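Shown below is the structure under consideration.
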Amino acid sequence: QVKALIRAVFFDLTFVIDDYMDARAEALLRADGYANELISGLSSAVAVLDQEQRVVSANPALVEMLPGAAALLYRMPIRTAIPIPEVAAVIDRVSAQGQPRAVANGQLGARKLRLTAMRLAARPDMPQGGLALVIDDISELLRLSHDASDTDQHLAQLVQSVDAVLW
């Protein structure tokens, strides 16, 4: 009976520990307030799309990137809202082809952009799940890369033009 009692206590204790650990994991992953604050403060443009690929949420960076009023952006089809041909392709790779994440490059005016689409899990307000589209302006990064490449070429030409051993 003592052994049975000890087993029962330890068995019940493991359930308590499991529940405690699950609650800790849930608290860690529950970041709604922080997530909203983080997404709002990003320099990357972020749009959340419903199953019909209409904009249901956007951060200020996306609103600033696009012409027109923010009120018009709400529930607008993403293909109409963002006039970048690659947007449709990257979204189709996630929604139609079932890829969890897809990346493409695009251009809006003189700005070079990296487009990332990803699948979002189902939620009470979107039972079918949705998509997120993140748009990063990589123009400056590409310019710096081009400048570094030009510098390398100039140094290579300089070294080749000198009739001496260079270290």
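The values are calculated or read from the model by the stated rules, or taken from the named source; none is laboratory data. What you are looking at is a predicted structure, and each value in this text was computed from that prediction instead of being measured. We place every Cβ from the backbone using ideal geometry, glycine too, and count neighbours over all the protein chains shown. Just so you know, the surface numbers come from the protein's heavy atoms only, side chains and all, with ligands and any DNA or RNA stripped out. Shrake-Rupley method; radii C 1.70, N 1.55, O 1.52, S 1.80 Å.
Going by the conditions given, is R123 within 27 Å of L38 (Cβ to Cβ), of a type in the set (K, R) and modelled with pLDDT under 85?
Yes.
Confirm whether G68 is open to solvent by less than 80 Å² (accessible area, probe 1.4 Å), modelled with pLDDT of 85 or more and of a type in the set (G, A, S).
Answer is no for this residue.
Of all residues in the range 78-136, which are among the hydroxyl-bearing types (S, T, Y) and open to solvent by 50 Å² or more (accessible area, probe 1.4 Å)?
T80 - this is the single residue of the range 78-136 that is among the hydroxyl-bearing types (S, T, Y) and open to solvent by 50 Å² or more (accessible area, probe 1.4 Å).
Table: residues versus (1) more than 13 Å from the chain's Cα centre (by Cα); (2) part of a helix (DSSP H, G or I); (3) under 20 Å from G130 (Cα atoms); (4) of a type in the set (D, E, K, R).
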residue	(1), (2), (3), (4)
V55	yes, no, yes, no
E86	yes, yes, yes, yes
R93	yes, yes, yes, yes
Q99	yes, no, yes, no
V103	no, no, yes, no
K112	yes, no, no, yes
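In the range 13-53, what residues are part of a loop (DSSP other than H, G, I, E, B) and at pLDDT below 75?
Scanning the range 13-53 gives R30, A31.
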